[in-house]
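Visitor: Here it is, the structure in full.
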Amino acid sequence: MREKEFEKFLVNDGKIESKDKAVRSRLSKARKVEDEFHVNLEEIVRDDEKMYNTLKRIKSELIDSNGSIQNALRKYYIFVNKRGFSTLNQYEKRHSIFK
């Protein structure tokens, strides 16, 4: 993860109100994904299938009741790709994934 650049991106994000706490929280959760799954976020967000699979793993393997860990990964995706990642349901419909 390009931590310093990501931090700057989050600080400049107009949608984040509580800059200090919210930025630290998102950085911490992004690091958690890397640590728990032994991957680099760069690798995940450059491949939509890996992104989808990681979001599913977060949902099933990590305690993410409010979606904040997924949110941190989604913010990193926006940081790298300059666009948001679709919802899991939209992705599944688009790629004919049946649960």
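Visitor: With a probe of 1.4 Å, find how much accessible area the range 3-97 has per residue, and write the answer as a whole number in Å².
Guide: Details: 5870 Å² over 95 residues.
Value returned for the range 3-97: 62 Å² of accessible area per residue.
Visitor: Just from its helices, what would the mean residue ellipticity at 222 nm be for the chain, if runs of 4 or more DSSP H residues each count -39500 (n - 2.57) and the sum is divided by every residue, rounded to the nearest 500 deg cm²/dmol?
Guide: Working: 6 runs with 68 residues, N = 99.
Value at 222 nm, helices only, nearest 500: -21000 deg cm²/dmol.
Visitor: I want to verify a result. In a Gaussian network model of the chain, Cα cutoff 10 Å, which of these has the top mean-square fluctuation: K56, K75, K29?
Guide: For the chain, modelled as a Gaussian network with Cα springs under 10 Å, the answer is K56.
Visitor: How high is the relative contact order of the range 3-97, given as a whole-number percent (alpha carbon pairs under 8 Å, six or more residues apart)? Could the numbers behind the result be given before it?
Guide: Working: 63 pairs, mean separation 25.1, N = 95.
Over the range 3-97, the number comes to 26 percent.
Visitor: Sticking with this structure for a sec: Within the range 26-58, which residues have the backbone N less than 12 Å from the label spot 7 Å out from I78 along Cα→beta-carbon, could you tell me?
Guide: Answer for this model: none.
Visitor: Something else: Of the listed pairs K8/K93; K29/K82; K15/K75, which have alpha-carbon separations greater than 23 Å here?
Guide: Working: K8/K93 34 Å; K29/K82 20 Å; K15/K75 11 Å.
Long pairs (Cα-Cα over 23 Å): K8/K93.
Visitor: Also, quick follow-up: Assuming a ≥ b ≥ c are the square roots of the Cα gyration tensor eigenvalues, decide whether the range 3-97 counts as rounded (a/c under 1.5), prolate (otherwise, with a/b larger than b/c) or oblate.
Guide: Values: a/c = 1.67, a/b = 1.46, b/c = 1.14.
Taking the square roots of the gyration eigenvalues as a ≥ b ≥ c, the range 3-97 is prolate.
Visitor: Next up: Share of the range 3-97's accessible area from carbon and sulfur, percent, 1.4 Å?
Guide: 46
Visitor: While we're here: When the dipole is taken about the Cα centre of the chain, and only Lys, Arg (+1) and Asp, Glu (-1) are charged at their Cβ, what size is it in debye, to the nearest 20? All intermediate terms of the calculation are to be shown ahead of the outcome.
Guide: Working: 23 positive and 17 negative charges, 67 e Å.
Value, rounded to 20: 320 debye.
The values are calculated or read from the model by the stated rules, or taken from the named source; none is laboratory data. Note that the structure is a prediction, hence the values are computed from the model and not measured. Positions of Cβ are backbone-derived with ideal geometry, glycine not excepted, and every protein chain shown enters the neighbour counts. Ligands, DNA and RNA are stripped out before the accessible areas are found, and what is left, the full protein with its side chains, is counted by its heavy atoms. Shrake-Rupley method; radii C 1.70, N 1.55, O 1.52, S 1.80 Å.
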